[in-house]
Structures are given as structure tokens and as C-alpha cells.
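Comments concern the structure below.
The values are calculated or read from the model by the stated rules, or taken from the named source; none is laboratory data. Treat the numbers as computed from the prediction; the structure is a model and nothing was measured. Cβ: placed from backbone, ideal geometry, glycine included. Neighbour counts: every protein chain shown. These area figures cover heavy atoms from the full protein model, side chains too; ligands, DNA and RNA do not enter into them. Shrake-Rupley method; radii C 1.70, N 1.55, O 1.52, S 1.80 Å.
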Amino acid sequence: MEASITELRHTFRSGITRSYSWRKSQLQSLSKLLSDNEHQCFQALRQDLGKSNLECYKDEIGPLKKSVDYALSHLKDWMNPKKVGIPMIFFPSKGEIKSEPFGLVLIISSWNFPFNLALEPLIGALAAGNTVVIKPSEYAQACSSFLADTLPLYLDKMAVKVIEGDADTTQQLLQYKWDKIFFTGSPRVGRLVMSEAAKHLTPVTLELGGKCPVIFDFGSMSSDIQVAVKRVASGKWGVCSGQACLAIDYLLVEEKFASPLIDLLKGTINKLYGENSRNIPRMANKRNFGRLQKLLEDPLVADSVIHGGSVDEENLHIEPTILLNPPLNSEVMADEIFGPILPIITLNNILESIEFINSRPKPLTIYAFTHNEALKDRISTETSSGSIVFNDVIIHFLCDELPFGGVGQSGTGSYHGKYSFDAFSHEKPVLDRGFLLELDARYPPWNAFKMEFVRLAYKLNYFGLLLLFLGLRSYGSYNDH
Amino acid sequence: MASNKFDVEATTLMVEELRGTFNAGKTRSYEWRVAQLKGIIKMMDDREQEIIEALRLDLGKPEFESAVYEIGMLKSSCARALKELKHWMMPEKVKSSIVAFPSSAEIVSEPLGAVLIISAWNYPILLSLDPIVGAVAAGNVAVLKPSEIAPASSSLLAKYVPEYLDSSAIRVVEGGVPETTALLDQKWDKIFYTGNGRVGRIVMAAAVKHLTPVVLELGGKSPVIVDSDVNLKVAVKRIIAGKWGLNNGQACISADYIITTKDFVPKLVDSLKHQLEKFYGINPLESKDLSRIVNSNHFDRLTKLLDEEKVSSKIIHGGQSDRAQLKIAPTILLDVPEDSLIMSEEIFGPLLPILTVDRLEESFDFIRSRSKPLAAYLFTNRKKLKDEFVRTISAGGIAINDIALHLVVPSLPYGGVGESGMGSYHGKFSFDVFSHKKSVLYRSFVADAPARYPPYSQGKLRLLKALVVGSVLAVISALIGLPEHFGSKDKSA
């Protein structure tokens, strides 16, 4: 580990990673890696998570290819210094903001999207010209070793390294000084990462999760109700069986609509996932399975099951499950669920959902299905969350122009598209001055004339300055003790 | 202030009250924000003489410096925010990619909530209220903890902030370590700290508990590289203004040390001496145009730097001090050893070491081998040297042929990197640093492709793969509709 990190520091210092051509070639190789190894990726994902090929493509490989292409086509633009206007008083001078790489960065990724959550930040880190260590999650072992074996075949080995291992490895890595740490995972580990980062004053991006609610304004949906329910079902069970930070966690609906909504959901589940609902991915590992099983074992929660609820320990499979009004102080409503269980909480009026959400930690995303524009406005201005999606699920994840990230308990910092580049860059202001036109008012000894000069200069009152210089403007006395 | 007892319970209660104000939505309106910004300007106008007096008491700061760097900068910061605020607050429309068609997307700037601002003693008014400008412009409630090391300024802020700003949303808490600890124990939505790296680490570690994002405005040893081809007179004036003219070197962006060539150094030193005398007279300890050292701790720290055996013999100008008046004369040292104390820590005072090299390019490696400074300065007319400096030197900010001036340009972000800090502010960056950029995507129900829902067939995967060859965007538009699993049917694929 020591040797790898020293080598990466050395590579960064050599300056090679700063050039446009290096960054471009790395991104191109990454794109080639994805194309060449699609099948191997599918296999690893099936082994680790039981994900189907199609799910692999749409959640992992597809978005990555799109992001690499997006980065490649915008890289030059991102790298260009931004010219900024400088007040005339500083003439002659020019100012610009130059994005420079941080240096050596650490990416710690998570097991639920083991490729996307490792490589999407990598795209940003490479585009910004950093050297990188990736620490994949040990809970997706096949994917982790795929990355460790394959990345060195495509990317600059002196600049990008994969270090595999468990929590101890992570702990060891965190002892080193990094110029940026990008972490995806739970708030518990996020805190650990941040407290280690504090020792070296390392900035962190924390991509956490939280309980993403759906506000389901049934009454306003009219003919769109079928599509809305389908989208809810796909946002809950269609993304790695709910094992996604963006997945729907729970649903809020007016009490009078609970029963028709549940009927629609049941029908949709059957239609999409088959009668026995075996067609959704299994739980990633025993740990997550056991945790979810325990959530359902709480007697008060068990009583609230109105659909599904059966578990299969051997295959780590949990049926799509709907709960109606489980106790709000139960664990299923306290922690992020991260699995195929959907609690439905009923309210008298859909407006109460704002208060309900605000009384809990800020979620990564709020989903709201409604045609009521006033309600949209209120949700948008009165709640706080990483992002909001109206009338659909998950898709904001694919919009390169939107920053993706949390706020409060759901995380710090954002990425995707240009935001990924920015997350791994320091925006360095550069002011370049000429030697012409030196204004003596800047220099001591101070007097009343210089004082007046500066007052006018701050107001950018050029006419006043002219009068002052011509002796046509009076100035007071300078109070020198 | 010791008399201002501030316990944990009172802190908790105060934060609860502030959160109540925030939750009521009061601070979100454009009108409220404008009123606060105008309040700050009014406070500066009404209380200008009192502020100048407080700064004189705390730091012996010359009126000119107070008027320029504290009051003037603050007012221009408010004026800029007032002018631009409406624009800053507007949601930013973005292209929502074809995958989400038909839809619209925007990025909304929303206030973070309750923010804590801990400021420093060297620019006690500016460094307290300039972050407040950003915090209120972004619609937050805030607590300000001014530095106890500048007590007159601290009590002035405690007295007037409630008078000119909405006291249900902005509070000043005076005090030292116990008060700061009690404040850091609360849950904040952002902590904005200006000071040193040691306390910066404590602040960031305390922020971990509630996963609070932090801005750390720290310092570091900001180098000045001087080439031999410059307009010497102008360069020297600017160096003096950027060293002793900034609170007598007690500024995080002031020049810390100079590197120049062996050949050029005699000319540079002569010119510095000459110009220093013109600015501050024969006896600079008597000059009214220089701040004093803030307190005896810092005075002792600085004289200790000079007293180090291998350093004291290197003094080539100045070196006089007067502990009773806390004054140290502008002091220049030549070729101090690199492992001396004065070259290891941030000087933060009127001492200026000059290092010499054979070729100026050697200085770049020297700078790179040390912690990233808050600012790096280069005086040269050589384009190639400038380009290399900008390209290879990492620092919070860079100014070529001037010192500290980038701080005054509101279109440039101001902040550190690495040891010199994280996060930036000034102008729009102040607004952004106290805002959360919330993505909002509006989707419609038109054109919902049936293909996006399972159960899937093997043919659909083949379709996707065919699309890859065509265009990635087209692929994604197909992909997005397919968030479901592929199931056993594709096992053979």
C-alpha cells in the first residue's frame, strides 16, 4: 500500500496527468474497457448480486458509457480557464478561474452498484487530472476482483490503482493523506471517513442515502394513475430490489386512497414480476438479508404486512412486500430500508406529507406524483432534499446536467457530468496584473486624499475619481489618532 | 468575555429558537434577505467611527486600512449581493437529457438552514460579517462567534448586529474555547470557520457528528517569487502593501516569504529598504500607518522566531521591537535556513525572509514540496514563467505582479486548498457556499413507452445492444425505461 501510494504521488508530481491528451486517453480506455468486458461485468454482477443482464446494462454499464462519452465530448471545455470580468480600477489586469487537479484522491465505493459507484467517480477524477486509488466494496467480491484485474490492463497503472480489502484495509487507507476522498455508502462509515479526513484537512464528498419518500397524490392523478403506479413499483423493486440509495423507501398517501392504491400496486407487482415475484434480484449478502428479515420480525411490523412478506433464507430472496401503517417508531420507519419492503403511511391530507418529511432527516431524493401545481411548488420550496423528481423515479440519476448528491444526513457534495469534474478539481483564481498605471493612493503614508480615493474606488465611482484627481472634489480630514 | 456566561443549555435553546425562525420560512423571502443586507450597510455607515475605534483598540489598525479592508470591502460585498441577489436566487434551468423526455429540469438554490460562523481576530469585522452576507443572501439563520482575541470588535458586533439585523435569525455569541465548544456541539447545516489549521481540524472533527459540511478558511506560507526583469519600484511598493500594509503582516493572504535570484537580491533589498523608509519613516515603531501586534502571545511568538540562533544573524533590516506597545518594526531576513522555525510555520507578522536561488525555476520545486499555500505570488514579465507558475503551482489563489488583489475581485472565488483550507466565498461564491443546489426534475405522463416495463424478453436486450452501436443517447433513452430486472429468461444470453 505504502509503495503504491508513493508511486501515485510521484506520478502526479511528474505532471503527466495534467495534460489534455493523458486525460482523454484514460477516458477512452475506460470506454474500451466497458465495451470489451461487458460480458465479464454481467457475470460478476450476477455472481455478487444476482442482477440480470438487462439490469446490469441499464444501471451500470449503460450509464457509465454515457458518462464517459459525455466527459470526452466536454473535457476540453471543462479544462478551459473561465475568464472573469475585473473592475476597471484594476486596469490593466485579467482574471480567470483555472480548474486544477487536487492530486491524489481516494474513491471508496459501495457494493450495490459495484461498477457504477466505483467508475462514475473515476470518470470525474481522471477528467480532472488526478491520480486515484479505488477501494471497491468487499461485499461484491467478484466485481471487486474484476476491477482489480482489469483496470490495470486499460488504464495508466502508474496513476490508477485498485486496492482490495475489507474494513481494515479501508481504515488503513484512511490513515494516509489524500487530497480528496470520495465515499459512497452509509452515514455510519461516512462519519468514520470524515473524521479521518479531518486529521489531514482533506475535503470529502459523501454520497449517503436516507429514506427517500414518495408523496403520492392519488386524487390528482386521474387517468395517469396506472403509469404512476408502474413507476412507483419500478422505483422500489426495479433497482437492485430496493438496494439502492435512490430507491423509494416509503410512500405517503391520503387514507381514503390507500386501499385502491394497494390494489393497483399488487396488480402491478404481479404483472411486472410474475405471480411468485421471484424475478427480482436477491439480497446482496447474508448481512443485508438478515437485517431485512429482522425488520419484518418486529411483531407490530409483521402485523402491518398486507402483501408479500415471505423470505427465502437459502436463496437470500425477499418477496416484494408492502406494509400498511407500520409503527412510526419501528426500525423499518427509522432507518433506511435498502430492500424490497415498502411501508405505506396514510395521511388525512396530502399536504401533511410536507410536515412528515420535514420532521425527519433530509433525504437524498423526494419523489412526488401529483398534477397539483400548487402542491409541487410547496414541496419544492418547503422541503429540503438532495433532489426532487416529480412524476417519475430514478431518472434524474441519468441527467448529466443535474448535480447528483445529498444534503444533511444524505450527504455532502455532488457529482455527475460537469459536477464530477468539479468534485475533483480545485477552482484556482488567477489574477494577472500589469505594471502600468500605478495608483499611489494604495500606499502609505495615508492621508485624506487617499482615503477619499479609496471610498470612490469601492463605489466604482469613476467620475468622482476623475474630479478628485482634477482637484475638483473636496475631501475631509484624515483622523490620525 | 468572561462575564458573558454561556452554557450548553442556553446554546441549545438559542439554536432551537433560530430553527423555529427558519422553519417558519421567514428567512427565505427576497425581501427579508435584502433587508438584512441593507442592515449591514447601514450599520457600516452609522457606526463607521466606532468600528475604526474598535479596530484601533484591538490592533492599532490605521484608519485607512480599516476603511479599505474592513468597512469598504464589506459594503462593496453587500452592494454586489443586493445588485445580483434576484439573479442568484432564480432557479437555473438545465437541459434535461433526452432520456427523460418529455420533462423539464432546474437547479434550485435553497438555504441550508442554521449555520455557524466562527471568525478570526485579524480582520474581526470583515471576517465576521462577510460570511454573514453570504449566509443571509442565501436565506439562512446564523450564529456568529467573533474572536475573543479582538474584544472591542467582538463586543461591537454583539452590540450592533442585533440592532441592525433580524435578531430572531442572526445571533452573536461572544466567548472563547468553552463557548465555541458548546456551539460546535450543536447540529448545524454548515460551519464556516476562519482561522488556523489546528482549530480547523477540531472544527471538522466536531462537524462529523452531524455530517455537517464545513468551509475552512485557513492560511499558510504564501510565497512571493520575484524575477529580475520587473519594474522594481512598482513591484516593491506592491510587496510592501501586500506585507506590512495588510495589518502589518497579520493577514492570511499577506506575503510570507520571498524567493528571488542571488544576482538580483541586492537590488531588491535596497529598494525594499528605501521604500519602507518612505512609507513608514526612519523609526517605523512610531509610524501611525502600521498595525501593532495583536497581543503579547503573538508578540512573543514572533520575537521567538527572530531569536532563533541561526535566524537572528540573518536580519538585514529592522528587527526592533517594543513589547510594551506590542510593536515590531518591518523586518527583512536574508537566506534563513529552510529548517528554521520562521520557515516552518506561517509567520503572520511583520517579518519577511528572503530566500535566494540561482535560477528562479528552482523555487517552483521548493513551493511544491511544501503545503499548498492560500496564495502564491509571482512578479515577472516573462510569459513562459507565468504560464509554468500558474500551471504547476497549486495554491488557493494566484496573483501575478501584485499581492492580495485577487481578494478584492468579487468574480473570483476566495479560499484555500489542502492545508490552506476548503471551500471558497466572495461574490456569488458566498451565496453558493451557503446554499444547497437542489436538482428538480418535472416529468410528464405523455409518451410513456410500454417497453420500459417488465417482463422483458431476450429480444429487448438485443435491441439495447444494437442501439449501443448507434448512439449512446438512444441507448439510454431505451435503457431508462427498463429499470426492471431481466430475470431467468436471459440466463441463456
Exercise for review: Check segment B:229-249 and report whether any residue there is open to solvent by 10 Å² or more (accessible area, probe 1.4 Å), within 14 Å of another protein chain (Cβ to nearest Cβ) and touching a strand residue (DSSP E or B) at 6+ places or on another chain (Cβ under 8 Å).
Suggested key: yes
Check your understanding: Which one of these is open to solvent by less than 10 Å² (accessible area, probe 1.4 Å) and either modelled with pLDDT of 95 or more or of a type in the set (Asp, Glu) (or both): A:Gly129, A:Gly165?
Key -> A:Gly129
Exercise for review: Taking A:Trp178 as meeting all but one of (1) more than 14 Å from every other protein chain (Cβ to nearest Cβ); (2) open to solvent by less than 20 Å² (accessible area, probe 1.4 Å), write down the number of the exception.
Suggested key: (1)
Review point. Could we say that A:Leu64 is in contact with a helix residue (DSSP H, G or I) (Cβ under 6 Å, 6 or more places away or on another chain) and farther than 21 Å from A:Ser144 by Cβ here?
Key: no
Practice item. Consider B:Pro410 carefully, then state whether it is open to solvent by 10 Å² or more (accessible area, probe 1.4 Å) and either under 21 Å from B:Arg238 (Cα atoms) or part of a strand (DSSP E or B) (or both). Key: yes
Check your understanding: Are any residues in segment A:236-246 more than 25 Å from A:Asn348 (Cβ to Cβ) and either outside the structural domain of A:Glu336 (by TED's automatic domain parsing) or part of a helix (DSSP H, G or I) (or both), and if so, which ones?
Key -> A:Trp237, A:Cys240, A:Ser241, A:Gly242
Review point. Just wondering, is there one or more residues in segment A:57-66 that are free of Cβ contacts under 8 Å to residues at least 12 places away in the same chain and of a type in the set (D, E, K, R)?
Key: yes
Exercise for review: Can you work out which of the residues in segment A:98-119 that are within 14 Å of chain B (Cβ to nearest Cβ) and either of a type in the set (Ser, Thr, Tyr) or open to solvent by 10 Å² or more (accessible area, probe 1.4 Å) (or both) is farthest from the chain's Cα centre (by Cα)?
Suggested key: A:Lys98
Review point. Give me the pairs: first residue in segment B:278-292 and without any contact (Cβ under 8 Å) to a residue 24 or more places away in the chain, second residue surrounded by 22 or more Cβ atoms within 10 Å (Cβ to Cβ), beta-carbon distance under 7 Å, and six or more apart or on different chains, which are they?
Key: B:Ser287/B:Tyr280
Practice item. State whether the residues of segment A:460-475 include one that is within 9 Å of chain B (Cβ to nearest Cβ), open to solvent by less than 60 Å² (accessible area, probe 1.4 Å) and not basic (Lys, Arg). Key: no
Check your understanding: Given the residues A:Gly190, A:Gly210, which is the only one that is facing chain B (nearest Cβ under 9 Å), among the small types (Gly, Ala, Ser), crowded, with 19+ Cβ neighbours inside 10 Å and within 17 Å of the chain's Cα centre (by Cα)?
Key -> A:Gly190
Check your understanding: Looking only at segment B:274-310, which residues are among the hydrophobic types (A, V, I, L, M, F, W, C), in contact with a strand residue (DSSP E or B) (Cβ under 9 Å, 6 or more places away or on another chain) and part of a helix (DSSP H, G or I)?
Key -> B:Leu276, B:Leu285, B:Phe299, B:Leu302, B:Leu305, B:Leu306
Exercise for review: Evaluate segment B:173-185: report whether one residue or more is among the β-branched types (Val, Ile, Thr) and assigned to a loop (DSSP other than H, G, I, E, B).
Suggested key: yes
Check your understanding: Taking segment B:376-404 on its own, how many of its residues are touching a residue at least 40 places away in the same chain (Cβ under 8 Å) and over 14 Å from the mean Cα position of the chain (by Cα)?
Key -> 12
Review point. Among the listed residues B:Arg33, B:Arg47, B:Arg19, B:Arg80, which satisfies the condition of being touching a helix residue (DSSP H, G or I) at 6+ places or on another chain (Cβ under 7 Å) and open to solvent by 40 Å² or more (accessible area, probe 1.4 Å)?
Key: B:Arg47
Practice item. Select, from B:Glu65, B:Glu70, the only residue that is open to solvent by less than 50 Å² (accessible area, probe 1.4 Å), more than 10 Å from chain A (Cβ to nearest Cβ), touching a residue at least 12 places away in the same chain (Cβ under 8 Å) and over 22 Å from B:Lys437 (Cβ atoms). Key: B:Glu70
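So that you can scan it fast, the table gives a plain yes or no per residue for (1) small (Gly, Ala, Ser); (2) under 18 Å from B:Leu246 (Cβ atoms):
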| position | (1), (2) |
| --- | --- |
| B:Asp307 | no, no |
| B:Lys310 | no, no |
| B:Gln325 | no, no |
| B:Ala329 | yes, yes |
| B:Leu341 | no, no |
| B:Ser344 | yes, no |
| B:Phe348 | no, yes |
Review point. Just wondering, is there one or more residues in segment A:402-410 that are closer than 18 Å to B:Val94 by Cβ and among the hydroxyl-bearing types (Ser, Thr, Tyr)?
Key: no
**Study point:** Odd one out for A:Glu336 among (1) in contact (Cβ under 8 Å) with a residue 40 or more places away in the chain; (2) open to solvent by less than 40 Å² (accessible area, probe 1.4 Å); (3) not basic (Lys, Arg)
**Key:** (2)
Review point. Of the residues that make up segment A:49-67, is at least one closer than 30 Å to A:Leu201 by Cβ and within 24 Å of the chain's Cα centre (by Cα)?
Key: yes
Practice item. Specify the residue that is modelled with the lowest pLDDT; the eligible residues are those in segment A:1-30 that are of a type in the set (Gly, Ala, Ser), assigned to a helix (DSSP H, G or I) and more than 23 Å from A:Lys135 (Cβ to Cβ). Key: A:Ser14
Review point. Which one of B:Thr180, B:Thr194 is surrounded by fewer than 24 Cβ atoms within 10 Å (Cβ to Cβ) and away from chain A (no Cβ under 11 Å)?
Key: B:Thr180
**Study point:** Filtered residue count, segment A:377-389, keeping only those that are open to solvent by less than 20 Å² (accessible area, probe 1.4 Å), outside any loop (DSSP other than H, G, I, E, B) and either in contact with an Asp or Glu (Cβ under 8 Å, 6 or more places away or on another chain) or closer than 19 Å to A:Asn349 by Cβ (or both)
**Key:** 2
Exercise for review: Would you mind stating whether B:Lys86 is touching a residue at least 12 places away in the same chain (Cβ under 8 Å) and open to solvent by 10 Å² or more (accessible area, probe 1.4 Å)?
Suggested key: yes
Practice item. Being part of a strand (DSSP E or B) and open to solvent by 30 Å² or more (accessible area, probe 1.4 Å) is the filter; apply it to segment B:413-442 and report the residue that is farthest from the other protein chains (Cβ to nearest Cβ). Key: B:Ser424
Review point. B:Ser271 fails exactly one of the following numbered conditions: (1) open to solvent by 10 Å² or more (accessible area, probe 1.4 Å); (2) small (Gly, Ala, Ser); (3) in a loop (DSSP other than H, G, I, E, B). What is the number of that condition?
Key: (3)
Review point. So which residues in segment B:273-322 are of a type in the set (Ser, Thr, Tyr) and under 17 Å from B:Leu352 (Cβ atoms)?
Key: B:Tyr280, B:Ser287, B:Ser291, B:Thr303, B:Ser312, B:Ser313, B:Ser321
